[in-house]
Amino acid sequence: MPHTIAVLRGSPRSGSLTEKLATAIALSAGDRLAFRDVPIHHLPLYNPDLEKDAVHPQWDAFRAAVKECDGLLFVTPEWNRSVPGGLKNAIDVGSRPYGEGVFQKKPAAVVTQSTGGTGGFGGNHHLRQSLVHLDAHVLGQPEMYVGNLSADKFGEDGRISDKGLAKLVDGFVDAFVEWVGVIHQGRKALAP
Ligand code: FNR
């Protein structure tokens, strides 16, 4: 059975480049990983007050969906040199209650994209900063800043048709598949 990967997409836009890129990544991985989209844009804004008496049902379902996966893939545009607020909110929701965060110890990778040349570098590193704090095991290399992205770089089959980008994505996917395996094998080896 392949490891399951929760995919958190930062763009709320229908038909977004983020969605296309996440689909192309899953196609590149084939049956080596099982990707599961975990929706985030319906989540109410995190507020600790709402956890005082009962667990908020939408937060609860989101946390459970992430928790049952073996790894994390974040694919997102950069908004104002950071991540879109909806994605930051999902991270805040998943990080609480204190000590029960759902991201910790999971292998993770961050992919940012932009129609501009910088490929979401700023957003990528803001996201990495949060994930390191939350004790996710974030893949170091290759860094994935996909710049100058456009819809015509994807074929009708959902795969990337642009040769240079396809090579970049395939290399990233190979590294991520290996990373997920390494983290889980290491955990097994250390288990009492
Ligand atoms: C953007 N965009 C953007 N691009 C970038 O390179 N750096 C940035 O800081 C921003 N900031 C920003 C803020 C807001 C509010 C919006 C709506 C957009 C552009 C955007 O990230 C880019 O076009 C993405 O490729 C869009 O991705 P999706 O929504 O198609 O996945």
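Things worth noting here:
- Computed from backbone phi, the HN-Hα couplings of segment 142-148 come to x, 6, 10, 10, 8, x, 6 Hz, rounded to whole numbers (Karplus: 6.51 cos²θ - 1.76 cosθ + 1.60, θ = phi - 60°; Gly and Pro given as x).
- Spin-label model, His184 to His125: label points 7 Å out along the Cα-to-beta-carbon direction sit 3.2 nm apart.
- Asp157 versus Arg13: modelled label distance in nm, points set 7 Å from Cα along the beta carbon direction: 2.7 nm
- Expected 222 nm ellipticity per residue - DSSP helices of 4 or more, -39500 (n - 2.57), all of the chain, to 500: -13000 deg cm²/dmol
- Here segment 4-68 and segment 106-183 have alpha carbon centers that stand 16 Å from each other.
- Short-range pairs are left out: with C-alpha atoms under 8 Å and at least six residues apart, the relative contact order of the chain is 23 percent.
- The stretch between Ser150 and Val55, if pulled fully straight at 0.36 nm per residue, gains 30.2 nm over its current Cα-Cα span.
- Distant-in-sequence amide H partners of Gln113 (H built 1.01 Å from N, under 5 Å): Thr76, Glu78, Val146
- For His3, the residues 5 or more places off, or on other chains, whose built amide H falls under 5 Å of its own are Ala34.
- Helix 17-29 vs. the chain, principal-axis angle (Cα, 0 to 90°, nearest 10): 80 degrees
- Compactness of segment 105-192 - radius of gyration and Dmax, Cα, Å: 15.1, 51
- Most fluctuating residue given options Leu139, Leu21, Leu73, as computed from a GNM of the chain linking Cα atoms under 10 Å: Leu139
- Close amide-amide hydrogen proximity is noted between Leu72 and Ala6, Ala108, Ala109, each under 5 Å apart and 5 or more residues distant or on a separate chain (H modeled in the peptide plane; Pro and chain starts excluded).
- With a threshold of 31 Å on the Cα-Cα distance, the over-threshold entries among Lys52/Lys188; Lys20/Lys52; Lys20/Lys88 are Lys52/Lys188; Lys20/Lys52.
- Rh by Kirkwood over Cα pairs, then Stokes-Einstein D for segment 3-190 at 1.002 mPa s and 20 °C, µm²/s: 128 µm²/s
Just so you know, all these numbers are worked out from the coordinates, no wet-lab data involved. Please read these numbers as outputs of a predicted model, since none were measured by experiment. All Cβ positions, glycine included, derive from the backbone under ideal geometry; neighbour counts span all protein chains shown.
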